[in-house]
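Below is one structure, written out as structure tokens, with a few remarks after it.
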Amino acid sequence: MSTGRKGARGKRKEAGSSNPFPLSPDPNLPFVPTEVARRLLAWYGRKGRDLPWRQTRDPYRIWVSEIMLQQTTVAAVIPYYERFLQRFPTVERLASASLDDVIAAWAGLGYYSRARNLHRTACEVVATSNGEFPKTLDKLVALPGIGRSTAGAILAIAFDQPAPILDGNVRRVQVRLFAWRDDPRSSKAEKQLWERAEQLTPDDAAHDYTQAIMDLGAMICVPRQPLCESCPINELCRAYAQGMAEDLPVKLKKGALAVRRQVAVVVVSGHKLLLKQRPVEGFLGGLWEFPTADCPENLDAEDVASGLLQDLQLKGKLSGLVDVSHVYSHFKLDLAVFIARADPTPVVAEKTQGQWVPGEDVASFALHGAHKKILPALKLAGQ
């Protein structure tokens with residue numbers, strides 16, 4: 001009786017067993033590359049996902065979906081995608097919108113540089129090519145926020161060009177297919193994985209193949225407990241044959257997240273609150289927040305809040321409102337929040353690139369994650 005694990009661990013083939021697939025003349029490839037496409041396309045015809053952006057060949061809509069799907073799950077993207085396209089149904093409509101409107105529509109998806117680059121690219125496509133997206137790799141990657149993999153997806157899905165992609169799902173499939181044991185993010189791995197992606201992408205049916213290999217990584221060749229027994233290319237997979245699919249890609253140890261301390265002051269005047277817009281360029285660019293200052297470990301939070309009020313040339317009695325913690329991609333933010341009442345002045349808004357906002361309208365502004373968490377406490381405080 002076998003004691004080995006099934007599924008992701010795979011099973012070794014007995015010596016002398018016949019190959020169920022044609023061998024490749026390339027000694028570095030254990031199979032003819034077209035065999036992967038043949039099997040994937042047959043599987044995709046039966047099992048492919050029905051997603052909103054698969055109902056179109058419009059490069060604008062495909063581009064929007066590809067940008068949204070970076071670092072974000074399909075389930076989270078679908079409602080944002082549908083709302084975004086209701087608001088900006090064409091690249092011309094997106095280009096004519098204000099950046100504030102675009103960021104507001106994006107609020108909640110995170111990685112806001114993607115929204116800024118969407119707007120910049122839309123403006124450039126409309127200004128330079130009358131709203132027509134480029135059909136070459138070089139011209140697509142020259143646009144803001146479009147890398148080689150995103151460009152490949154647009155070319156393959158919108159224009160059926162045999163352009164390879166190497167997103168997270170495809171990278172994982174290839175690492176296992178070829179049993180790559182080194183760091184898959186190294187420059188050496190990057191170069192070789194792109195070469196393999198080019199070899200595997202068929203000259204025809206690129207539209208379906210690209211979506212098929214995406215689906216394989218999302219549905220079968222998942223990060224943990226891959227469903228190898230259900231995989232249409234398991235007989236071609238070196239990691240499966242060697243019983244190590246679940247161990248790949250090599251997992252690098254992550255260091256502990258750095259912790260940053262900040263203080264925020266909710267300045268209230270009558271029925272209005274002071275909001276500040278962050279600079280468009282940089283981290284969380286273009287998003288809104290309450291006046292904020294860094295709080296070094298050796299300083300008292302209330303003292304920093306008092307200094308922040310002085311910098312705003314405001315006087316008001318401070319009281320604690322709430323403590324908030326929020327995890328961003330590379331650090332954890334601990335935010336001590338105070339509330340103060342003061343008289344509004346034009347100087348304050350000018351100095352902070354902010355504005356006085358009616359309390360009932362604050363939630364409609366594109367606040368970033370930590371500052372959104374302040375709103376329930378404000379509601380309880382009657383603001």
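The numbers here are math on the coordinates, done by the rules we state, and not lab data. Just so it is clear, the model here is predicted, and its values are computed rather than measured. Counting neighbours? That spans all protein chains shown, and the Cβs are built from the backbone with ideal geometry, glycine included.
For the set Lys253/Lys332; Lys254/Lys373; Lys139/Lys373; Lys139/Lys251, the pairs lying more than 30 angstrom apart at their alpha carbons are Lys139/Lys373; Lys139/Lys251. Here the stretch 7-247 has an Rg and Dmax of 19.2, 66 Å, counting Cα atoms alone. Of all DSSP beta bridges confined to the chain, the antiparallel ones make up roughly 65%. With each label modelled as a point 7 angstrom along the Cα→C-beta vector, the Arg224-Glu82 pair spans 2.9 nm.
Inter-label distance, Asn130 to Ser186: 5.0 nm, where each label sits 7 Å from its Cα along the C-beta direction. Under 17 Å from a label point 7 Å along Cα→Cβ of Glu92: give me every residue in the stretch 150-190 with its amide N that close. Hits in the stretch 150-190 for Glu92 at 17 Å: none.
Expressed as an acute angle from 0 to 90° and rounded to the nearest 10, what is the orientation of the C-alpha long axis of helix 168-177 relative to the principal long axis of the chain? So the helix axis and the longest Cα principal axis differ by about 30 degrees. Relative to the longest principal axis of the Cα atoms of the chain, helix 33-47 runs at roughly 60 degrees. Farthest towards the positive end of the charge dipole of the chain, among the residues Phe88, Thr128, Gln192, is the Cα of Gln192, using unit charges on the Cβ of Lys, Arg, Asp and Glu.
Residue separation times 0.36 nm, minus the C-alpha to C-alpha distance between Thr34 and Glu297: what's the value? Kindly include the intermediate steps, with their values, before the conclusion.
Values: separation 263, 0.36 × 263 = 94.68 nm, distance 5.91 nm.
Taking Thr34 through Glu297 to full extension adds about 88.8 nm, to one decimal.
Count the net charge of all other residues whose Cβ sits under 11 Å from the Cβ of Ser306, scoring Lys and Arg as +1 and Asp and Glu as -1. Intermediate values should be presented prior to the final figure.
Working: positive: Lys315, Lys317; negative: Asp300, Glu302, Asp303, Asp311.
Cβ neighbours under 11 Å give a net charge of -2.
Extension gain Ala258-Lys315, at 0.36 nm per residue separation less the Cα-Cα distance, in nm?
Working: separation 57, 0.36 × 57 = 20.52 nm, distance 3.34 nm.
Residue separation times 0.36 nm, minus the Cα-Cα distance, leaves 17.2 nm.
Between amide H atoms placed 1.01 Å from N, distances below 5 Å from Val322 occur with Val337, all of them 5 or more places distant or on a separate chain. Rounded to the nearest 10 degrees, the inclination of helix 301-311 to the longest alpha-carbon principal axis of the chain is 70 degrees. For GluC sites (Glu not before Pro), the sites in the stretch 227-288 that DSSP calls loop and that have at most 12 other Cβ atoms within 10 Å are Glu281.
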